[in-house]
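The values are calculated or read from the model by the stated rules, or taken from the named source; none is laboratory data. Only a predicted model underlies this, so the values are computations on that prediction, with no experimental measurement involved. Positions of Cβ are backbone-derived with ideal geometry, glycine not excepted, and every protein chain shown enters the neighbour counts.
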Ligand code: NAP
C-alpha cells in the first residue's frame, strides 16, 4: 500500500534538486502535490505533467516567490481551491549567496534571509489556518547542517538555516495540542545545482569529514520527508533530523 494515498502536499521549490526528488517520491506514494518555482517554468510544468501521468495523482506547478508574504497567501488560497486541503507543507525553497563577511553586501544578506527564512514564516502562517481547522498537519522545514555548525563564507545562509531550527521548535510547541507537527530536516552535502556551485576546496573539505565518504542524493532527503509527512512519525515533532552521511556527528 502507498503511504500517502489521499494526501495533499504543498512544497516550495519543487522544480529542481531536492524539491524535485520530494515531488516525485511523494507522488509515487500517492500524494497529490502542489509545488512552486520562480524561474524554471518549462521544467516545472513538464515535471508536473510527467508525475501526474506516471503516478495518477494531481500534480500542479505554481510560479510563486516564497519570499513574498502576499504571493504566499495567494498560493495557499489557490491550492485550497484546487485541492481542498493541505496535509503537509514542505518549506524547501532556498538559495545561497556565499561570500566572506567583509565582502557581504546588505543585498546578499537580505535576499538569503528573505528567501530561506522569511519564506518559512510566510507559508507556515498561511497554511496554519486550514491545518488548525482540520486539526492535523505536518510542516517540514529544510534547514542544513550548516545551520547547526556554521560555515566560513556562508554567514547569511547559516543564519537563515539556524533561524529555521528555532522557528521549527517554537511552532511545534505552539500547535502540538492540535495534532500539527513541525520538524526540520538538515541535509549535509547533497548532489544538486546548489552544491555544483561550490569550489573544489570546499567540496574536498566536506568529503574528508563525511564518515560515509560520499555526497547524498535528493531521494535520500525525500525519504526522510516522507517519514515526517506520514503517520509513521505521528509522535515526532520539534526535531531536527540530519541527512548527512554522518557529517554532523
Ligand atoms: P536547488 O537545486 O538550487 O533548487 C532550489 C529550488 O528552490 C528550485 O526549485 C528553485 O526554483 C526554488 N526557489 C529558489 N528561490 C525561490 C523562491 N524565491 N521562491 C520559490 N522557490 C524558489 O537547491 P537544492 O540543493 O535542491 O536545495 C533545496 C533546499 O535544501 C534549500 O533550502 C537548501 O538550502 C537546502 N539544502 C541543500 C543542501 C545541498 O547540499 N544541496 C544541503 C543542505 C540544505 P527555480 O528552479 O525556479 O529557480
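Kindly indicate whether any position in region 190-210 is more than 18 Å from residue 113 (Cα to Cα), touching a helix residue (DSSP H, G or I) at 6+ places or on another chain (Cβ under 7 Å) and either buried (at least 21 other Cβ atoms within 10 Å of the Cβ) or at pLDDT 95 or above (or both).
yes
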Legend entry - Residue that is nearest to the ligand (Cβ to nearest atom), among those in region 18-62 that are out of contact with any helix residue (DSSP H, G or I) (no Cβ under 6 Å at 6 or more places or on another chain), in contact (Cβ under 8 Å) with a residue 60 or more places away in the chain and within 14 Å of residue 91 (Cα to Cα): 19
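Does region 100-108 contain at least one residue that is within 14 Å of the ligand (Cβ to nearest atom) and closer than 24 Å to residue 167 by Cα? Give the derivation first.
Of the residues in region 100-108, the ones within 14 Å of the ligand (Cβ to nearest atom) are none.
No; the residues of region 100-108 include none that is within 14 Å of the ligand (Cβ to nearest atom) and closer than 24 Å to residue 167 by Cα.
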Inset, instruction - State yes or no: is residue 65 surrounded by 19 or more Cβ atoms within 10 Å (Cβ to Cβ) and either more than 9 Å from the ligand (Cβ to nearest atom) or modelled with pLDDT of 95 or more (or both)? - result: yes
Inset, instruction - Output yes when any residue across region 216-226 is over 14 Å from the mean Cα position of the chain (by Cα), within 16 Å of the ligand (Cβ to nearest atom) and free of Cβ contacts under 8 Å to residues at least 60 places away in the same chain, and no when none is. - result: yes
Inset, instruction - Starting from region 178-203, keep only residues that are part of a helix (DSSP H, G or I), then list their pairs with residues that are surrounded by fewer than 17 Cβ atoms within 10 Å (Cβ to Cβ) and at pLDDT 95 or above whose Cβ atoms are within a distance under 6 Å, requiring at least 6 positions of separation or different chains. - result: 178/132; 178/135
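Only one residue in 76, 112 is within 16 Å of the ligand (Cβ to nearest atom) and either under 15 Å from the mean Cα position of the chain (by Cα) or exposed (fewer than 14 other Cβ atoms within 10 Å of the Cβ) (or both), so which one is that? Walk me through it before giving the result.
Numbers: 76 fails: either under 15 Å from the mean Cα position of the chain (by Cα) or exposed (fewer than 14 other Cβ atoms within 10 Å of the Cβ) (or both).
Going through 76, 112 in turn, just one is within 16 Å of the ligand (Cβ to nearest atom) and either under 15 Å from the mean Cα position of the chain (by Cα) or exposed (fewer than 14 other Cβ atoms within 10 Å of the Cβ) (or both): 112.
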